[in-house]
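Note sheet for the following structure.
Bear in mind these aren't lab numbers, they're just calculated from the coordinates by the rules spelled out. All values derive from a computational prediction rather than experimental measurement. All Cβ positions, even for glycine, are placed from backbone atoms using ideal geometry, and neighbour counts span all protein chains on display.
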Amino acid sequence: MKKTMFLLLLLPFLVNAQVTLDWQQFQGGLSLATDDTDNLYSIYWDYNPAGDIYLNKHDAAGNFMWTVSYDNTDNTRHEVATWVETDNENNIIVTGTIRSGYASPVNAASVIMKFDPSGNLLWRNVYETSFDGSYTVKCLVDADNNIYVLGLGSNGVGMVTKVKKFAADGTAMWSYFNVAGIGAPMNFKFTPDNNIVIIGRGTIGSINGYAKIDMDGNEIWSYAGVNSLTIGDAAGDLDGNTYIINGEYVVAGVQGSILTKLSPTGSALWSHTNDITGTKVEVGTDNYPVIGGFPSAGSPGVAMMKYNTTGTPLWTNLDADGPDQALLLHNIMKMDIANNIYFGAGTLFQQAVCKVNADGTNDWIALASSGYNTDFEFGNDYSLFMLGGIALAHFIQDPIITCDAPVGLFTNNITTVKARLNWTVEPGAFQYEVWYKKATAINWKKKFVPGVNNKLNLKNLQCGTNYVWQIRTICDTIGVDEISAWSPLQAFSTLACRAGDNIESDESTTSLYPNPATTSLTVVMNSDIQSIQIFDMTGKLVFNKNIETAESIQLDISEWNSGIYLVQSVGTSGTTTEKLVVQH
């Protein structure tokens, strides 16, 4: 009877028909990576004298292909696997920590290895010495196959959070040491503005810390000493802002969490306290943050909240794992290109991933063998590969309707002060969002173009200046749920200045987003706008504000009547009027 009960616990469980088990293999691991044909790579390690790190490969159908390891022959040491990633050439990068001793092991050194798709070791690097007390946590790989490793290392004064960059051939490029005291390394992520945000946690006390560095290892800011009841998380947006989540008492003795938005320079812009015990945060392609965690302190389950850029909650889901589950052992949260949210956890008996749609409604939960989820990855078709301590499984979900970014991008008709941006019309596009700026500028200028158009004429540019631009597609009328990823960054240069050119000129416009709008409206003002007024069709003034500097304004228009409004912007170069449509 006991044997029968055990087998039942190993059977995968599906809550509803939106997700289907394709296969399951009883080979688990600690971290999972996929290549461009959905081959799977997982890692584990052997806790014995001279123990090794092992790398497994399965194909997309779950068939086992091979296991490889580097043969460590030192009986006083064993190697601990920490992370696996793939690069753009389908090579596999494995990070680990070399530990000395067995009963009470200590960290000796950090190790990184690179294997080709057949499992051949390309190179191995133990750093900085064979016994410097360092360890690794995670690695990231950029578009040029450079590798970034997060860990703890010595800066000559003490052991601090460290990021080390390696070229594709294994050559060490730079090391960043955090001296501000953000704590021990927990996680790090690439940000949409092409930087890296780092999450730390104090080794004593309830303190979190965060830092942001550029791709050359230069610190942009550090934000240390944040009181938090839980380990925190951080994620960046396209504007260079960072959202951080920390544990906080909502009222005396009642634990919740607080979401804080940091500016590109690391200063706090706003904070919002909520009742859920949020521990994860991600930012979607719509540039809005989502937090995830427990519904409340001490209670099982998964809860999520989504905010807009000003800190106003858009929706709350306190039962993201459904009424029949109460997930524990929270691990990782990810978002897909359509801004759906996936949360990895466990039930003590099975590993789990639950999915919440972009609008906050529950979609499905899938459970497989293992008591907890260690990692999960999306397939090319947005199927789900799930890894636990003893099992690897593949689930097929309903097709994700994506909103694709425009292709065929180029710039022509370039003069000293003008340029035309071009792209291919994307089927299903409601409108396009175009961002452009001088290559050296921090702030973007934003334009919205109807979905039937495939070009945008820029004027009043500065002569002899380098510009960059990017574009994404908005496929719904609200501009929240169906937004594509951003296109690759494009660049162009205006022609050299001539006598008589106004080299100080720059565009002065107002952009409305979304338009048509339903409950909220963002007004983005560029350059020399001094005031803005909004009138309804009877001529009644419904909004008026004087503008001191270029800024973005978020308006609650849920109480406005449906209809057409006129948005009048007054600047030093004149007055412009744009039409706004409000639909409820």
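Note on region 86-134: dipole from Cβ charges, positive end direction compared against SER110, ILE92, PHE131; the farthest Cα belongs to PHE131. Note on PHE190 and LEU541: with the Förster distance fixed at 56 Å, the Cβ-Cβ geometry gives a FRET efficiency of about 0.80.
Binning all Cα-Cα separations of the chain at 10 Å, short to long from zero, yields these whole-percent fractions: 3, 15, 24, 27, 18, 9, 3, 1, 0, 0. Spatially, region 129-183 and region 94-114 are offset by 14 Å when compared through their Cα centroids.
About its Cα centre, the dipole of region 403-507 is roughly 440 debye, where the only charges are +1 on Lys and Arg Cβ and -1 on Asp and Glu Cβ. Residue-wise HN-Hα couplings along region 224-232, as the Karplus relation 6.51 cos²θ - 1.76 cosθ + 1.60 with θ = phi - 60° gives them from phi, are 9, x, 8, 5, 7, 6, 10, 5, x Hz; Gly and Pro carry x. Using all pairs of distinct alpha-carbon atoms, the Kirkwood hydrodynamic radius of region 403-507 works out to 14.2 angstrom. Only Cα pairs under 8 Å and 6+ residues apart enter the sum, and on that basis the relative contact order of the chain stands at 8 percent.
Taking 4.7 Å between beta carbons as the limit, the unpaired Cys residues of the chain are CYS139, CYS354. Label zone (TYR47, point 7 Å along Cα-to-C-beta; backbone nitrogen cut-off 17 Å) within region 86-114: 97-108. Among the listed pairs LYS437/LYS545; LYS261/LYS437; LYS261/LYS438; LYS138/LYS334; LYS57/LYS189, those whose Cα-Cα separation exceeds 18 Å are LYS437/LYS545; LYS261/LYS437; LYS261/LYS438; LYS57/LYS189.
For region 247-316, what class follows from the C-alpha gyration tensor (a ≥ b ≥ c being the square roots of its eigenvalues): rounded when a/c is under 1.5, otherwise prolate if a/b is larger than b/c, else oblate? Oblate shape, in that a/c is at least 1.5 and b/c is the bigger or equal ratio. Computing FRET efficiency as 1/(1 + (r/R0)^6) for ASN120 and ASP359, where r is the C-beta to C-beta distance and R0 is 41 Å, gives about 0.30.
Taking the Cα centre of region 178-318 as origin and assigning +1 to Lys and Arg Cβ atoms and -1 to Asp and Glu Cβ atoms, the resulting dipole is close to 320 debye. Can you tell me the FRET efficiency between ASN90 and ASP556 if r is taken as the Cβ-Cβ distance and R0 is 41 Å, rounded to the nearest 0.05? The calculated FRET efficiency here is 0.25. Length gained on full extension, VAL581 to ASP381: 68.4 nm, using 0.36 nm per residue less the C-alpha separation.
Listed by chain and number, the aspartates and glutamates placed with their C-alpha closer than 19 angstrom to that of LYS445 are ASP193, ASP237, ASP239, ASP286, GLU433, GLU504, ASP506, GLU507, ASP528, GLU548, GLU551, GLU578; residues fewer than eight positions away on the same chain are left out. Estimated at 0.36 nm per residue, the fully extended path between ALA496 and ALA268 surpasses their Cα-Cα distance by 78.1 nm.
In units of the rule-of-thumb radius 2.2 N^0.38 Å, region 15-73 shows an alpha carbon radius of gyration of 1.38.
Over region 110-160, all Cα pairs binned in 5 Å intervals from 0 give whole-percent P(r) values of 5, 16, 23, 24, 17, 9, 4, 1, 0, listed from short to long. Using a simple spin-label model with pseudo-atoms 7 Å out from Cα toward Cβ, ASN146 and THR129 lie 2.8 nm apart.
Taking amide H atoms as placed 1.01 Å from N in the peptide plane, the amide H of ASN187 lies under 5 Å from those of ILE199, each 5 or more residues away in sequence or on another chain.
Per residue, the chain reaches -500 deg cm²/dmol at 222 nm when only DSSP H runs of four or more residues are counted, each adding -39500 (n - 2.57).
Of the residues THR82, ILE547, THR402, the one whose Cα sits farthest toward the positive end of the charge dipole of the chain, with +1 on the Cβ of Lys and Arg and -1 on the Cβ of Asp and Glu, is ILE547. Rg/Rh, computed from the Cα trace of region 291-403 with Rh as the Kirkwood radius, has the value 0.96. Each residue of region 468-473 was assigned a 3J(HN,Hα) from its phi angle through the Karplus expression (A = 6.51, B = -1.76, C = 1.60, θ = phi - 60°), giving 10, 8, 8, 9, 9, 9 Hz with x at Gly and Pro. Projecting the Cα positions of GLY205, THR309, SER263 onto the charge dipole of region 178-318 (unit charges on Cβ atoms of Lys, Arg, Asp and Glu, taken about the Cα centre) puts GLY205 furthest along the positive direction. Remark on region 138-248: Rg and Dmax equal 13.5, 44 Å (Cα only). Extension gain, ILE400 to ALA326, is 24.0 nm, computed as 0.36 nm per intervening residue step minus the present C-alpha separation.
Here are some pairs, LYS212/LYS446; LYS162/LYS212; LYS418/LYS447; which of them have Cα atoms lying more than 18 Å apart in this structure? Correct reply: LYS212/LYS446. With each label modelled as a point 7 angstrom along the Cα→C-beta vector, the GLU219-ASP36 pair spans 3.8 nm. Annotation: amide H-H contacts under 5 Å for GLY428 (H modelled 1.01 Å from N, sequence separation of 5 or more, or interchain): none. Backbone geometry of region 445-453 corresponds, through the Karplus equation with coefficients 6.51, -1.76 and 1.60 at θ = phi - 60°, to 3J(HN,Hα) couplings of 9, 10, 10, 10, 10, x, x, 7, 8 Hz, x marking Gly and Pro.
For region 178-318, the calculated P(r) over all alpha carbon pairs, in 5 Å bins from 0 to the bin holding the longest distance, is 2, 11, 21, 24, 21, 13, 6, 2, 0 percent. Amide H contacts under 5 Å for TRP364: LYS355, restricted to partners 5 or more places along the chain or on a different chain, H placed in the peptide plane at 1.01 Å from N. Net charge dipole, the chain: roughly 760 debye, given to the nearest 20, about the Cα centre with Cβ charges of +1 for Lys and Arg and -1 for Asp and Glu.
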